[in-house]
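Since the structure comes first, as structure tokens, the remarks are kept for the end.
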Amino acid sequence: MKITNFIGGEFVAPASSAYIDDYEPATGKVIAEIPDSDARDVDAAVSAARKAFISWSRTSAADRSELLLRLADLVEQNLEELARLESRDSGKTVTLARRLDIPRAAANFRFFATAILHQSTEAHTTDAGALNYTLRQPLGVAGLISPWNLPLYLLSWKIAPAIASGNTCVAKPSELTPLTANRLAELAVKAGIPPGVINIVHGYGAKAGEAITTHPHVPAISFTGGTVTGARVAASAAPLFKKLSLELGGKNPNVIFADADLEQAVTTSIQSSFANQGEICLCGSRIFVERSAYASFVEKFVTAIKRLRIGDPSDESTDVGALISEAHLQKVAGYIDLARREGGTVETGGNRINRPGWFLEPAVITGLGCDCRVLQEEIFGPVVTITPFDTEDEAIAFANSTRYGLSATLWTRDLQRAHRVAAAIDAGTVWINCWMLRDLRVPFGGMRESGVGREGGFESLNFFTEAKNVCVKL
Ligand code: NAP
């Protein structure tokens, strides 16, 4: 299978005529070739997007909404095909893609299709002398860059608010997971989204991605990916005074107090640790358990992990699929070795599965302090640490001991403590007695090195529009 870029409503080969191999994580085999795009392709996409902006930005909100709803319907109608494609391309289980990724992509289009109908702006009278009102206007061409872990989910989370609010866009999916973005382009044509409103350029970040972040006619960049790449994106976009949203890495704490419903905490912590092989930015990779419950939690948690079925992601009974690439597997395995060198104990897992593809047993590590590299650096794989704590203050200090601040999970039945600790933890999202529950209206994003800006609901619509103040003398 050879895929192409999607520019101005056409499927076109890259200017270089060069292609990149796209591997299937479960087999290690090449399943597709994707364009190795460069600045020329990005330039063509930006030109098409600028041209389309003229009429798209003047299309009524009701008409834009209608088209986005049609796209949402098409994503839903093709759910099974998209879920299988996503699973094949990313190594995630088809059950997760079917339950989470693809429904969420449809929900993103549906949510912003309707949110745009309810966006309002404010007016202020300055005593009796003047009337000020805020005009919200689309920015132009939005540059959208997304990672491989939730390919369609995160791409649609950017495309939907960008185009709902009247912008056109140039999107670059991760070169590791291009297939559902390509299928989305086909569905966008079918939905009747005008040519040039959505443009998709495939290829490497350092080449195609950077051509977007440095393009003078792309005034806004919405980026989701790692913190190191985010810093680079910021460095290239900031001198051009672009609007910038950065959703970056995490090292999320999962704090379990002894009064928690331990069974529920164990069940959900299995999910929050190993869903999508731990390759979700919101996974809780550092578990802290109050000392009196520590031994019991570790025993129940490790026992439950040993029951997880690792293997073919297309098998309905598989719990843990393949990691995204050989290089990523080596990185994750390297952290398990590091944990041993740092004095930790691998309670279970950590071994590569003896079959083709990139499979690693979920690993649980104990015996490490918060200052160890394994508890400081984002691993982004099926590896969690468990550390005991003695007091609430210590739990908060442990939770806040990294440079990240994306999300946190708390388990306790003490209502006051739950609110107190939630307020004290530096994280953009805090879940109490749950994980990954998302209302699309709430602001989403990270603190510290986990990101800048917020996405979600009207935050996204505001990001993709300029607020202009108009002052009329009365
Ligand atoms: P990544 O390496 O930072 O890449 C993200 C995207 O940026 C990819 O499309 C990548 O292209 C592109 N890119 C790379 N260098 C670039 C450059 N110089 N200029 C412009 N674009 C560039 O991240 P990843 O490995 O794909 O994803 C995993 C990371 O994403 C983890 O750190 C995870 O925590 C984070 N994440 C955060 C959130 C959140 O909401 N905060 C959500 C999901 C994931 P390539 O295809 O060449 O890599």
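The values are calculated or read from the model by the stated rules, or taken from the named source; none is laboratory data. Since this is a predicted model, take the numbers as computed values, not measurements. No Cβ is skipped: glycine too gets one built from the backbone with ideal geometry, and neighbour counts run over all protein chains shown. The accessibility values were calculated without ligands, DNA or RNA, using every heavy atom of the protein model including side chains. Shrake-Rupley method; radii C 1.70, N 1.55, O 1.52, S 1.80 Å.
Mind counting the residues in segment 378-406 that are part of a strand (DSSP E or B) and either open to solvent by 20 Å² or more (accessible area, probe 1.4 Å) or under 26 Å from residue 333 (Cβ atoms) (or both)?
Going through segment 378-406 one residue at a time, the tally reaches 7.
Over 17 Å from residue 301 (Cα atoms), free of Cβ contacts under 8 Å to residues at least 24 places away in the same chain and not small (Gly, Ala, Ser): does that describe residue 432?
Spelling it out, residue 432 is indeed over 17 Å from residue 301 (Cα atoms), free of Cβ contacts under 8 Å to residues at least 24 places away in the same chain and not small (Gly, Ala, Ser).
Checking the condition among the hydrophobic types (A, V, I, L, M, F, W, C), under 22 Å from the mean Cα position of the chain (by Cα) and at pLDDT 95 or above, which residue from 189, 201 passes?
201
Tell me, please, whether a residue that is within 14 Å of the ligand (Cβ to nearest atom), closer than 18 Å to residue 37 by Cβ and either surrounded by 18 or more Cβ atoms within 10 Å (Cβ to Cβ) or of a type in the set (Ser, Thr, Tyr) (or both) can be found in segment 234-257.
Yes, some residue in segment 234-257 is within 14 Å of the ligand (Cβ to nearest atom), closer than 18 Å to residue 37 by Cβ and either surrounded by 18 or more Cβ atoms within 10 Å (Cβ to Cβ) or of a type in the set (Ser, Thr, Tyr) (or both).
Going residue by residue through segment 200-217, is there one that turns out to be over 30 Å from residue 18 (Cβ atoms) and touching an Asp or Glu at 6+ places or on another chain (Cβ under 7 Å)?
no
Going through segment 115-150 one residue at a time, which ones are outside any strand (DSSP E or B), more than 16 Å from the ligand (Cβ to nearest atom), open to solvent by less than 60 Å² (accessible area, probe 1.4 Å) and touching a Ser or Thr at 6+ places or on another chain (Cβ under 7 Å)?
116, 139
For segment 345-367, what are the residues that are on the phi < 0 side of the Ramachandran plot, surrounded by fewer than 22 Cβ atoms within 10 Å (Cβ to Cβ) and assigned to a loop (DSSP other than H, G, I, E, B)?
351, 353, 354, 355, 356, 361
Go through segment 163-184 and give me each residue that's touching a strand residue (DSSP E or B) at 6+ places or on another chain (Cβ under 7 Å) and more than 16 Å from the ligand (Cβ to nearest atom).
Hits for segment 163-184 are 163, 165, 166, 167, 168.
Residues are listed down the side, and each one gets a yes or a no for (1) free of Cβ contacts under 8 Å to residues at least 60 places away in the same chain; (2) within 18 Å of residue 298 (Cα to Cα); (3) in the same structural domain as residue 300 (by TED's automatic domain parsing):
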| residue | (1), (2), (3) |
| --- | --- |
| 347 | yes, yes, yes |
| 354 | yes, no, yes |
| 358 | no, no, yes |
| 375 | no, yes, yes |
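Can you tell me which residues in segment 435-464 are among the acidic types (Asp, Glu) and in contact (Cβ under 8 Å) with a residue 12 or more places away in the chain?
449, 455, 459, listed by residue number.
Taking segment 1-46 as the region of interest, how many residues are among the acidic types (Asp, Glu) and outside any strand (DSSP E or B)?
4
Quickly run through segment 279-336 and pick out the residues that are open to solvent by less than 10 Å² (accessible area, probe 1.4 Å), within 15 Å of the ligand (Cβ to nearest atom) and part of a helix (DSSP H, G or I).
329, 332
Inspect all residues belonging to segment 222-233 and state whether any of them is of a type in the set (Ser, Thr, Tyr), more than 16 Å from the ligand (Cβ to nearest atom) and surrounded by fewer than 22 Cβ atoms within 10 Å (Cβ to Cβ).
No, every residue in segment 222-233 fails to be of a type in the set (Ser, Thr, Tyr), more than 16 Å from the ligand (Cβ to nearest atom) and surrounded by fewer than 22 Cβ atoms within 10 Å (Cβ to Cβ).
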